[in-house]
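Presented below is the structure to which this report refers.
The values are calculated or read from the model by the stated rules, or taken from the named source; none is laboratory data. All values derive from a computational prediction rather than experimental measurement. For neighbour counting, all protein chains shown are included, and Cβ atoms are generated from backbone atoms with ideal geometry for every residue, glycine included.
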Amino acid sequence: MCRGFFAVLWIGVSILIAGAGADADAGAGAETGADAGVGADADADAGAGADALLYKTTVVGWRPVTAASSTVVRDLDLALRPRARPADILQVTPGLFVIQHAGGGKANQYFLRGFDADHGTDVALFVDGVPVNLVSHAHGQGYADLHWLIPEIVDRVEVYKGPYFAALGNFATAGAVNVVTRGADDDHSASIGAGSFRTFRTLLTASPKDDGWRALVAAEVYASDGPFKAPEGLERYNLFAKWTRDLLPRAQVSLALTSYAGGWNSSGQIPLREVAAGRLDPFGSVDPTEGGASQRHSLVAQIAARPNSASEFALTAYLALYKLALYSNFTFFSRDAVNGDMIEQSDSRTEVGMKTSYKFARRAGDIFFQTTFGVEMRHDALENSLYNARARERLTSVVDAQIKETSLAAYVQEEISWAHWLRTVFGLRSDLFVFDVADMLEDRATTGTKTSGVRHAGFASPKASVIVSPLDALDIFLNFGMGFHSNDARGVVRGTTAASPLTRAIGYEIGVRTRLLDRLDLAGAFFVLDLDSETVWVGDEGTTEARGATRRLGGEVEMRLKILPWLVVDADATLTNATYTSNAGNGNAVALAPTFMLSAGISARHRTGIYGRLGLVHIADRPATEDQFFTAQGFSRVDLTLGYRHKRFDVNVAVQNFFNASWREAQFGNVSRLATETSAANCPVGTRAVSEAGSFRGCEDLHFTPGAPFSIQATATLFF
């Protein structure tokens, strides 16, 4: 499959103001706690020796956060974990797990706080504050593809869990993650890597300086066939550039450029019944013509200024061009016994947006105030289509829609430090959406179904937090917040989604965060999240639909222990119970909602240059259908990273699935029919025969994408 490199531009203006956050927080009396955590300390200590310039980490305070489960992850955790996929960088987030299915170029699925958030419906993702989730996407609402992100350009990952933050709107129900990219560096580098499954990767970075501009430029080429019998043929090309310049002593501007193109084949989700019978290899496929191609090009401009030591202003503007052609066959021959059930989902869009905020601090006696105002705007103009296909050849058109979706938002937040031991945060956010859909299939007009039109919807989201700090190293959090995710514009106009085009979420949290003996960081939280309408997967259509209201009750624990200045142990666990608040007659379990997730590991970064991590990921069994007839099997996986870094070079080896465990990465309970299955008698024990209007449609079964076996990748980097 031939694929070219689509050259693309993304220019961004990204401002970093020296000391901005520290001055403002000091002015507001907020930052009084210990430093960011074990990882930062370990890195700083590691750099205290002769090779101090090897590792550069900014120590940030964690006292100002407004939720026990929110934090900032710095470069130590990022560098020490395997990153076979760009989105793996998100797995430094405590309680967040990322999986891949249907080929290495399709957006990942995200597990967080009892959500299998599909491709991003209830987890908001940002890069440098620019939203990644795509509204009214051809494959799923909130589709968040991060394959255009180069892991080495990431400086830190900011984590926000729950709907408690006024600056976060659409999709930030379970939480949000903001990936912040690096600015200029002192080094140029060239990396080359190779590994299992004919995997190859090369990366070039440079930091030119010219006439006051400081730059970081990176270019990546990646290819892999994966572990599948039908080679995946994944190819990925990335370009990133970011320029930064001081405008005034208190202001900076930066410009960035990114471009991405990728293509892949997919073995899809295969039926468990065929694997169990020995007729299909776990890494085989029913339809090897699945796969897709995608590209993304964007421009971003950001500027920030500090009018004085107690205020700051930020402005971001962005433009993104995006295309996707995705070929899937979830049901094989259930709907069309001759041509098969392959569908092509196509999405082509232009996205423009702007966000600005102004923050200022003031004092009244011993009480400190910090006020933030913000305004946001986003407009997506897209063409969205669905075709029945055979071996990637279009047969009939099912959906052909032109969509214009616009959102406006404004928010205000007031943080008050009443005393050194008491803070309150109150916020209010207001969002307005306009959905405009034009159905381009003329024959739809004769059905009497409304498929074109314009609809408006608004939502107000109050937020409130109380933070009590009885000790310098102990914070207790009480949080409340309302949030939402928008629904697909086509369903909104047709009136087939939930009562509101915006699905409401209400969250509550109580938690603690502490540091003991300057070595041990602990955090724990108990949370409740009510969602007005659950978004569930519909395999027959290759999309999602809205169902009933749900409630999630859960708890999280995080631990970071610095055993030695260069040796750190971490563990994060999340336990969640997700149920429908009313039984629709087929059970009240939320299908595929994770119940228990554990991530743990030991990380080392010695001043001699040796570094590494041994990590464990565990996900427990979870219901695959609402009546729990099918179970999505849990798994445990161990990963290993080992390397050595010198001033002039770095060599490392990354091993995923060190013990070669057999595991299922993505799992779905849905109906499918093979070409050899002609009646209910063909459905084996453990499956369910399904008929419609007297005709046999197939067997309801568990379908899965196998997790990769033992794989190893070695990388060598030269700095110059």
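Just a few scattered comments:
- Of the set (1) modelled with pLDDT of 95 or more; (2) under 23 Å from the mean Cα position of the chain (by Cα); (3) in a loop (DSSP other than H, G, I, E, B), all apply to F659 but (2).
- Hey, R622 buried (at least 21 other Cβ atoms within 10 Å of the Cβ) and either at pLDDT below 95 or in contact with a strand residue (DSSP E or B) (Cβ under 6 Å, 6 or more places away or on another chain) (or both) or not: yes
- Unique match (being closer than 26 Å to G707 by Cβ and buried (at least 24 other Cβ atoms within 10 Å of the Cβ)) among V177, V154, V135: V177
- Given (1) under 30 Å from T717 (Cα atoms); (2) touching an Asp or Glu at 6+ places or on another chain (Cβ under 7 Å); (3) surrounded by fewer than 19 Cβ atoms within 10 Å (Cβ to Cβ); (4) not aromatic (F, W, Y), index of the condition G262 fails: (3)
- Of all residue pairs spaced 6 or more apart or on separate chains, those with beta-carbon atoms under 6 Å, a first member in the stretch 646-673 that is among the basic types (K, R) and a second member that is in a strand (DSSP E or B) are R648/F719; R664/F704; R673/F332; R673/G698.
- Residue check for G291: on the phi > 0 side of the Ramachandran plot, crowded, with 24+ Cβ neighbours inside 10 Å and at pLDDT 95 or above: yes
- When A675, A708, A689 are screened for being within 22 Å of G340 (Cβ to Cβ), among the hydrophobic types (A, V, I, L, M, F, W, C) and assigned to a loop (DSSP other than H, G, I, E, B), only A675 passes.
- Residues that are surrounded by fewer than 16 Cβ atoms within 10 Å (Cβ to Cβ) and hydrophobic (A, V, I, L, M, F, W, C) within the stretch 629-643 are absent altogether.
- Qualifying strands (runs of 3 or more DSSP E) (wholly inside the stretch 545-618; at least 2 residues being among the hydroxyl-bearing types (S, T, Y) and within 20 Å of T71 (Cβ to Cβ)): 567-580, 596-605
- Looking only at the stretch 502-537, and only at residues there that are assigned to a loop (DSSP other than H, G, I, E, B) and under 23 Å from the mean Cα position of the chain (by Cα), the one that is surrounded by the most Cβ atoms within 10 Å (Cβ to Cβ): E534
- When A460 is tested against (1) buried (at least 16 other Cβ atoms within 10 Å of the Cβ); (2) of a type in the set (A, V, I, L, M); (3) modelled with pLDDT of 95 or more, only condition (1) is not met.
- Residue list for the stretch 254-290, filter: charged (D, E, K, R) and out of contact with any Pro (no Cβ under 8 Å at 6 or more places or on another chain): E274, R279, D281, D287, E290
- Residue within the stretch 398-407 that is more than 30 Å from P470 (Cα to Cα) and either exposed (fewer than 15 other Cβ atoms within 10 Å of the Cβ) or aromatic (F, W, Y) (or both) present: yes
- Listed by first and then second residue, the pairs with beta-carbon distance under 6 Å, at least 6 apart or on different chains, first residue in the stretch 244-264 and without any contact (Cβ under 8 Å) to a residue 12 or more places away in the chain, second among the charged types (D, E, K, R) and surrounded by 22 or more Cβ atoms within 10 Å (Cβ to Cβ), form an empty list.
- In the set (1) surrounded by 23 or more Cβ atoms within 10 Å (Cβ to Cβ); (2) under 30 Å from T631 (Cβ atoms), V300 fails one condition alone, (2).
- Of all residues in the stretch 158-167, none satisfies being touching a residue at least 12 places away in the same chain (Cβ under 8 Å), among the β-branched types (V, I, T), surrounded by 24 or more Cβ atoms within 10 Å (Cβ to Cβ) and outside any loop (DSSP other than H, G, I, E, B).
Conditions tested, residue by residue: (1) under 14 Å from A325 (Cα atoms); (2) in a strand (DSSP E or B); (3) not polar (S, T, N, Q).
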{"residue": "T371", "(1), (2), (3)": "no, yes, no"}
{"residue": "G374", "(1), (2), (3)": "no, yes, yes"}
{"residue": "E383", "(1), (2), (3)": "yes, yes, yes"}
{"residue": "L386", "(1), (2), (3)": "yes, yes, yes"}
{"residue": "T396", "(1), (2), (3)": "no, yes, no"}
{"residue": "K404", "(1), (2), (3)": "no, yes, yes"}
{"residue": "L408", "(1), (2), (3)": "no, yes, yes"}
{"residue": "Y411", "(1), (2), (3)": "no, yes, yes"}
{"residue": "E414", "(1), (2), (3)": "no, yes, yes"}
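- Residue check for F484: within 24 Å of K404 (Cβ to Cβ) and either in a loop (DSSP other than H, G, I, E, B) or hydrophobic (A, V, I, L, M, F, W, C) (or both): yes
- The stretch 138-151 - residue that is of a type in the set (A, V, I, L, M) and in contact (Cβ under 8 Å) with a residue 40 or more places away in the chain and, of those, surrounded by the most Cβ atoms within 10 Å (Cβ to Cβ): A138
- Number of residues in the stretch 329-351 that are buried (at least 16 other Cβ atoms within 10 Å of the Cβ), among the β-branched types (V, I, T) and in a loop (DSSP other than H, G, I, E, B) equals 1.
- For L247: the one exception among (1) modelled with pLDDT under 95; (2) surrounded by fewer than 24 Cβ atoms within 10 Å (Cβ to Cβ); (3) in contact with a Lys or Arg (Cβ under 9 Å, 6 or more places away or on another chain): (3)
- Scanning the stretch 567-611 for residues that are crowded, with 18+ Cβ neighbours inside 10 Å, out of contact with any Phe, Trp or Tyr (no Cβ under 9 Å at 6 or more places or on another chain) and under 21 Å from T641 (Cα atoms) yields V568, D570, D572, L598, G601.
- Only one of the numbered conditions (1) crowded, with 21+ Cβ neighbours inside 10 Å; (2) without any contact (Cβ under 8 Å) to a residue 40 or more places away in the chain is not met by M354, and that is (1).
- Subset of the stretch 139-149 (residues that are touching a helix residue (DSSP H, G or I) at 6+ places or on another chain (Cβ under 7 Å) and either part of a strand (DSSP E or B) or of a type in the set (A, V, I, L, M) (or both)): L146, L149
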